[in-house]
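Below: the structure, in structure tokens.
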Amino acid sequence: MTQLNLEQTILTNLIYNSEYTRKVIPYIRDEYFQDITQKVVFQIIEAYVNNYKSNPDNAEVIKLDLQKASLNEEQYKNTQKLVDSFGEAVAEEQFDWLVDETEKWCKDKAIYNAILDGIHIIDGKSKDQTAEAIPSILTDALSVSFDTHIGHDYMEQYEERYDFYHETEEKIPFDLDFFNRITKGGLPNKTLNVCLAGTGVGKSLFMCHVAAATLLQGKNVLYVTLEMAEKKIAERIDANLMNLTLDDVHDLPKRMFESRVDKIRKKTEGKLIIKEYPTASAHCGHFRALYNELLLKKSFKPDIIFIDYINICASQRFKYGSNVNSYTYIKGIAEEMRGLAVELNLPIVSATQTTRQGFTSTDIGLEDTSESFGLPATADLMFALISTEELEGLNQMLVKQLKNRYNDPTLNKRFVIGVDRGKMKLYDVAQKAQEDLVDTGQPEVTAIEERFKDFKVE
């Protein structure tokens, strides 16, 4: 079907197909029609729908309203011809196809118009907008889509709700007990998970450990580093998986090193790709391009992405050093990351710095997030890693939940984990180590029947 025929089909069905009209007319704009006759006809249909809450269902209505339109004689005749050429609405079996085609057409037109607007701005022909507005204009155009869902009917759709409560969500579990407790079994897809810590406390150590543990589960792992070199990250993961100190990894003879790598290869079907970008040079557009390139060239599709770390990423929307505050800039990066996680249907794990005050604090809170309080507003899970001289002496690290969309954050709000910095490993500690933390324990779980024995519907 040609573009002209599609637009004519759209207008025909807006007149005669009430279901189609309800679905699509909120998303169609008159500027999507380049032909003046089509634009006028759409404006008449749109006005009719807004006034009478139904489609015209009769071409004569359009003809009558044409007499009120500001058209010259030639335009009036051409518009009359257009209306006379309208046929019948598409058959029922073609309905879904037409809705899909209309959505694609709206997207194409929105992007085309956005590009023209951008050129207009660059040429200095816009009085109201500067070049900084172009990314937002393009983003709005790219986000055009039909959302025909009108909400969840609480009373009628209870079965769907019950099934949802009992379906098994795909998650990537931790090898650390308390992290599995607070996330109800691991990290779900389409989420952003952020570790908050001061310099040298263990952000990269945490991410390297979780990356190594995920690899051993047979998962594909993509590790993006903007701070350390690729080989330095690989070195830490070697120490973790080989259960050796960093010094011992360096001292291994080549034959023994190859043997250990081979053992790791036999333990998992997963792959690990480590990619380095210069600090503050890469944004989610680069990460998306990397994902697509790895899929095309290596048939590698990651199950999880680690980005080390948020504060030294770039934003896709804002130029570094542009006239935006740190709140907007860092929140923008976080929103782009979470959007990428949703788009690729996987969890993203990253980290952020504490403020200078938070670095010396023994009880970090959300207010200690460096540069932007907007980051915790976007993250699904956020927790702090806290180290003190006493904890270091015990080879332990304190974890404090700051935000949790997976579980009640007051349960196991604080807990300790073991840390072996030489081997770049984290591990569970004895329950006794948790006993002094007053807000740690979970309520005792009883049988379902016992928990709900007194439950009544009033």
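Where a number appears in this text, it was derived from the coordinates with a stated rule and is not lab data. These numbers come from a predicted model, not from an experiment. For neighbour counting, all protein chains shown are included, and Cβ atoms are generated from backbone atoms with ideal geometry for every residue, glycine included.
For region 115-122, backbone phi angles converted through the Karplus equation (6.51, -1.76, 1.60; θ = phi - 60°) give residue-by-residue couplings of 5, 4, 4, x, 4, 4, 5, 4 Hz, Gly and Pro being listed as x.
Spin-label model, ASN5 to ASN292: label points 7 Å out along the Cα-to-beta-carbon direction sit 3.0 nm apart. The longest stretch of the chain left intact once loop-based trypsin sites (Lys or Arg not before Pro) with at most 10 other Cβ atoms within 10 Å are removed from consideration, loops following DSSP, is 128-452.
Across region 217-227, rounded Karplus estimates of 3J(HN,Hα) from the backbone phi angles (6.51 cos²θ - 1.76 cosθ + 1.60, θ = phi - 60°) give 7, x, 8, 8, 10, 10, 10, 9, 10, 10, 10 Hz, Gly and Pro being marked x.
With viscosity set to 1.567 mPa s and temperature to 4 °C, compute the Stokes-Einstein D of region 3-142, Rh being the Kirkwood radius across alpha carbon pairs; µm²/s, no decimals. Could the numbers behind the result be given before it?
Numbers: Rh = 16.3 Å.
Roughly 79 µm²/s, to the nearest whole number.
So for the chain: antiparallel DSSP bridges make up what percent, rounded to the nearest 5?
Working: 17 of 41 bridges.
In the chain, DSSP labels about 40 percent of beta bridges as antiparallel.
Seen against the Cα atoms of the chain and their longest principal axis, helix 326-344 is set at about 80 degrees. Against the set [x] 1.28; [y] 1.12; [z] 1.00, the structure's computed Cα Rg over 2.2 N^0.38 Å falls on [x]. Converting phi to 3J(HN,Hα) with the Karplus coefficients 6.51, -1.76 and 1.60 and the offset θ = phi - 60°, region 387-400 yields 10, 10, 4, 5, 5, 4, x, 8, 6, 10, 9, 8, 10, 10 Hz in sequence order, with x at every glycine or proline. Among the GluC sites (Glu not before Pro) found in region 185-271, those both in a DSSP coil and sparsely packed, with 13 or fewer other Cβ atoms within 10 Å of their Cβ, are GLU269.
Round to the nearest 10 and give me the degree value, 0 to 90, for the angle of helix 3-16's Cα axis relative to the longest principal axis of the chain. Tilt of helix 3-16: around 80 degrees.
Normalising by the residue count of the chain, find the relative contact order in percent from Cα pairs under 8 Å and 6+ residues apart. Walk me through the numbers before you get to the answer.
Numbers: 650 pairs, mean separation 66.1, N = 458.
Averaging sequence separation for qualifying contacts and normalising by length gives 14 percent for the chain.
Amide H contacts for ALA282 (H built 1.01 Å from N in the peptide plane; partners 5 or more residues away or on another chain; cut-off under 5 Å): ALA314.
Neighbours of LYS231 by Cβ distance under 15 Å: Lys/Arg scored +1, Asp/Glu scored -1, total -3. Taking Cα atoms only, the orientation of helix 230-242 departs from the longest principal axis of the chain by about 50 degrees.
Of the GluC sites (Glu not before Pro) found in region 81-129, those that fall in a DSSP loop while having at most 15 other beta-carbon atoms within 10 Å are GLU88. Look at SER299, SER387 and count the other Cβ atoms within 10 Å of each Cβ; fewest to most, that gives SER299, SER387.
How much FRET efficiency would the formula 1/(1 + (r/R0)^6) give for LEU391 and LYS301, where r is the Cβ-Cβ distance and R0 is 35 Å, rounded to 0.05?
Numbers: r = 39 Å, r/R0 = 1.10.
According to the calculation, E is roughly 0.35.
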